Amino acid sequence: MTRPLVIFTDTTDLSQEPAARLLREAGYATAHLELPTSPGPDAVVPREHLDAVAAVVGYARITADVLAQLPSLHLLATSSVGTDMIDADAAAARGVKIVTLAGVATEEVAAHALTLLLAAERSLLRSLQLVRSGEWTDEATARLQTPRRLSSLTLGLVGLGRIGGRLAEIARPSFGRVLAFDPYAKEAPDGVELVDSLEDLLRASDSLSLHLPLTAESRGIIDAAALALLPAGAVVVNVSRAGLVDVAAIQAALASGALRTYAADVLDGEPPHPSDAMRTDPGTLITPHTAWWSDAALAGYEAQPAHNIIAELGAPADPTWSPS
């Protein structure tokens, strides 16, 4: 029997070998492609790979045209939580299921969001820079914004899924109040108050953290109008998707002082251009998309797509297996 084929659509910073090994042991053949990750002409899938039954997707753009070239495809297993690189409507129309890695790095991303919140409130980056330049307390208190006492602040969460909920749990002991807006949430963790609208959340949030997927509805949700509702000197943290914010509006709010800090683990066009102003704006605190990173999460990201494929499609090496 010919082994069913699973393709890896593109190379990422994750090793493909753990997943490929698991798939081969389960009876699949594997192949590694380099489909485009940026907008442009649609990719041409090599003829020898057109019969793939599943794909492990990194950052490659899985468009309607790409899907049309893969008539045997049943499953797209992503190497991340997000699916914005996939034309979900086209996949659904062809009966192709999308399975993500939700939950693999919940603890890590929530911890990173809290780290950014605390670093922003305490001017950590600029304090370190002052010390390394030979300066000390007098220079810090003269040049840096005076930190705010955390217990006097309200933390607002946009989205109360796995990561937003975990952040609420670990941040609650430090902040005075924790509020959340999530139209799909039926209940909140202890000590977290649900509000009725995004506008209500923004008006009350001294610090705001974003925890929602990038969709047509959420793109640019934090724009100039949203930023204008925040209290003066607010902090915004984004460990979700760069497209949730209007970058020009963020930069304008930082320049005017309306926004204290924009702290993020995501930027447009990753890796961003070396000249991207968000890298060097004195009001930003940017980490290189590493919120997910830990030893345990790394192992999960590298192996879980294979486990998801085997769980959904079965193991051809099993004598009782039959093609779907």
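Numbers at a glance
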quantity: Selection count, the range 173-189, where residues are surrounded by 16 or more Cβ atoms within 10 Å (Cβ to Cβ) and at pLDDT 95 or above; calculated: 7
quantity: Unmet criterion (only one of (1) over 17 Å from Tyr59 (Cα atoms); (2) modelled with pLDDT under 95; (3) in contact with a helix residue (DSSP H, G or I) (Cβ under 8 Å, 6 or more places away or on another chain)) for Glu270; calculated: (1)
quantity: Subset of the range 26-69 [among the acidic types (Asp, Glu) and either outside any helix (DSSP H, G or I) or within 23 Å of Ala297 (Cβ to Cβ) (or both)]; calculated: Glu34, Asp42, Asp51
quantity: Residue tally, condition hydrophobic (A, V, I, L, M, F, W, C), outside any strand (DSSP E or B) and modelled with pLDDT of 95 or more, over the range 279-292; calculated: 1
quantity: Hey, Leu144 of a type outside the set (Phe, Trp, Tyr) and surrounded by 20 or more Cβ atoms within 10 Å (Cβ to Cβ) or not; calculated: no
quantity: Selected residue (criterion: farthest from Tyr262 (Cα to Cα)) from residues of the range 83-114 that are assigned to a helix (DSSP H, G or I) and more than 16 Å from the chain's Cα centre (by Cα); calculated: Ala93
quantity: Residues of the range 85-117 classified as within 30 Å of Thr141 (Cβ to Cβ) and touching a residue at least 12 places away in the same chain (Cβ under 8 Å), total; calculated: 6
quantity: Residue within the range 40-47 that is over 26 Å from the mean Cα position of the chain (by Cα), buried (at least 20 other Cβ atoms within 10 Å of the Cβ) and among the hydrophobic types (A, V, I, L, M, F, W, C) present; calculated: yes
quantity: Looking only at the range 286-311, and only at residues there that are β-branched (Val, Ile, Thr) and within 17 Å of the chain's Cα centre (by Cα), the one that is surrounded by the most Cβ atoms within 10 Å (Cβ to Cβ); calculated: Ile286
quantity: Candidate set from the range 49-84 (those that are surrounded by fewer than 19 Cβ atoms within 10 Å (Cβ to Cβ) and touching a residue at least 40 places away in the same chain (Cβ under 8 Å)); member that is nearest to His211 (Cα to Cα); calculated: Gly82
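The values are calculated or read from the model by the stated rules, or taken from the named source; none is laboratory data. None of the values given here were measured: they were computed from a predicted structure. Glycine gets a Cβ as well: all are built from the backbone with ideal geometry, and neighbour counts include every protein chain shown.
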